[in-house]
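Working notes for the structure below.
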Amino acid sequence: METCVEASYGDHHYLKYKAEMEGMQTKGHIGDNLPAVTFAIFGLGRIGTIHLDNLSRNPRAKIIFCVEESDERINYVRNKWKLMEPETTFLKPSEQEKIFEDERVDAVLVCTPTFTHEEIVLKSLKKGKAVFCEKPLALDDEGIERCLDAAKKYNRPLLCAFNRRFDPGLKTVKNRLDSGEIGKVQIVKTCSRDSPKPSLDYLKISGGIYHDCAVHDIDYICWILGEYPESVSSFAHTHFEDIKQLDDMDTVCIIMKFPSGTLATIDLSRCAVYGYDQRVEVFGEGGMLTCGEQRPVGVRAHNGKGTTAVPIFFSFASRYQESYEDEIEHFVNVCQGSEECSVDGSSILAVSKIAAACEESAREGKTVYLNWGKEQNGVNGF
């Protein structure tokens, strides 16, 4: 029996199923007897429809508003997910004020272009809505601070969507680090290479590779280490002419040094032709933990030429499907009061500052030193 328990610890699907079955036999989920959380979704682009799909399959959530400019997207979403009037109302951005004034709306999902985030977040919080916002919360640190201050002032949840914290594999790495399995961490390496290359329309509103891509790796590394870096150095280059025209980079390397002595490296690319390449390696005095190269199916072919496997996941939507599901589940729990928001406001601001320091390093060719002050010793946000 002990062998069965030991063998099951890495099977998160089984453990989730087991917890649900035990809940059925006892008192059930704390949110099952509460009213459904009513949602308004701003933006029905690639990430907006991912979250909409997860919400539509959650029995504790109800979508009553969607905001989108494109008629084509509205028609597609309305028909695919059968979101019909009067249960769900579709609005254009020019009509979105109706949502802030509607007391039926418990929570909003902000999945619009970056430059619109701060206004929607602030208006929603002021009207008592819980807010789930794709990163970044605002265009600059001052805007992020205004959002965080508003969440405190109006006492409403504000979750910034750092979805990798919810990925089962990446979360397992953190849990095993916290258990002391490999002792003191000495080196962390992450690799994040996009696939397919994002469209020019998206890149124009993305905020740049440091604030669009690097922030995920920075957040994850700081989260698993429980501290912020004291210095960062970064090098970058632009291989694609269309990205160069945007004064952005497509290939980046980052080195971070932490107060504990741990070193971390990040490599980023906007285009990996072989798939969405996501890898993590954590090396410590007692061993190493790795996570990466996940594939849609586990089939392998063995023949006279060797062994081959299917390619890794092709895009972020498939690679991080489970993290998006668990992220939304967590936010619904937060809205119903059964969980505390797991992404602390101070860490959201810290990650933005670190990303900005990395970009400054690359553009100015220097190491950038970070001073967190006595009031923020590097672990408060984690």
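For segment 364-379, the condition of being open to solvent by less than 60 Å² (accessible area, probe 1.4 Å), among the small types (Gly, Ala, Ser) and under 26 Å from Arg146 (Cα atoms) holds for at least one residue.
Farther than 28 Å from Ser361 by Cα and among the aromatic types (Phe, Trp, Tyr) - does that describe any residue in segment 271-292? Yes: segment 271-292 contains one or more residues that are farther than 28 Å from Ser361 by Cα and among the aromatic types (Phe, Trp, Tyr).
Each residue in segment 209-223 was checked for being within 9 Å of Ala355 (Cα to Cα) and hydroxyl-bearing (Ser, Thr, Tyr), and 1 of them qualify. Among the residues of segment 254-285, those that are open to solvent by less than 60 Å² (accessible area, probe 1.4 Å) and aliphatic (A, V, I, L, M) comprise Ile254, Met256, Ala264, Ile266, Leu268, Ala272, Val280, Val282. The residues listed here are Val273, Val282, Val332, Val252; of these, the one that is touching a Leu at 6+ places or on another chain (Cβ under 6 Å), at pLDDT 95 or above and farther than 22 Å from Pro136 by Cβ is Val282. State all residues of segment 141-174 that are among the small types (Gly, Ala, Ser) and in contact (Cβ under 8 Å) with a residue 60 or more places away in the chain; if no residue qualifies, say none. Hits for segment 141-174 are Ala151, Ala161, Gly169. For segment 217-244, residues that are of a type in the set (Asp, Glu) and surrounded by fewer than 23 Cβ atoms within 10 Å (Cβ to Cβ) total 4. Step by step: first the residues of segment 165-193, then only those that are under 21 Å from Gly275 (Cα atoms) and surrounded by fewer than 21 Cβ atoms within 10 Å (Cβ to Cβ), then the one that is farthest from the chain's Cα centre (by Cα). Which residue is that? The qualifying residue farthest from the chain's Cα centre (by Cα) is Lys189. Remark: pairs (first residue in segment 83-105, closer than 14 Å to Lys123 by Cβ and among the basic types (Lys, Arg); second residue at pLDDT 95 or above and surrounded by 12 or more Cβ atoms within 10 Å (Cβ to Cβ); Cβ separation under 7 Å; 6+ apart in sequence or on different chains) = Lys98/Leu91.
If you scan segment 139-160, which residues turn out to be at pLDDT 95 or above and among the aliphatic types (A, V, I, L, M)? Residues satisfying the conditions are Ile144, Leu148, Ala150, Ala151, Leu158, Leu159. Hey, does segment 107-123 have a residue that's under 28 Å from Asp149 (Cβ atoms), touching a strand residue (DSSP E or B) at 6+ places or on another chain (Cβ under 7 Å) and open to solvent by 10 Å² or more (accessible area, probe 1.4 Å)? Yes; the residues of segment 107-123 include at least one that is under 28 Å from Asp149 (Cβ atoms), touching a strand residue (DSSP E or B) at 6+ places or on another chain (Cβ under 7 Å) and open to solvent by 10 Å² or more (accessible area, probe 1.4 Å). Is it the case, given these coordinates, that Ser199 is in contact with a Ser or Thr (Cβ under 9 Å, 6 or more places away or on another chain) and either of a type in the set (Asp, Glu) or more than 20 Å from His117 (Cα to Cα) (or both)? Answer is no for this residue.
The values are calculated or read from the model by the stated rules, or taken from the named source; none is laboratory data. As the structure is a prediction and not an experimental result, all values here were calculated from the model. Cβ sites come from the backbone with ideal geometry, for glycine too, and all protein chains shown count toward neighbours. Ligands, DNA and RNA are stripped out before the accessible areas are found, and what is left, the full protein with its side chains, is counted by its heavy atoms. Shrake-Rupley method; radii C 1.70, N 1.55, O 1.52, S 1.80 Å.
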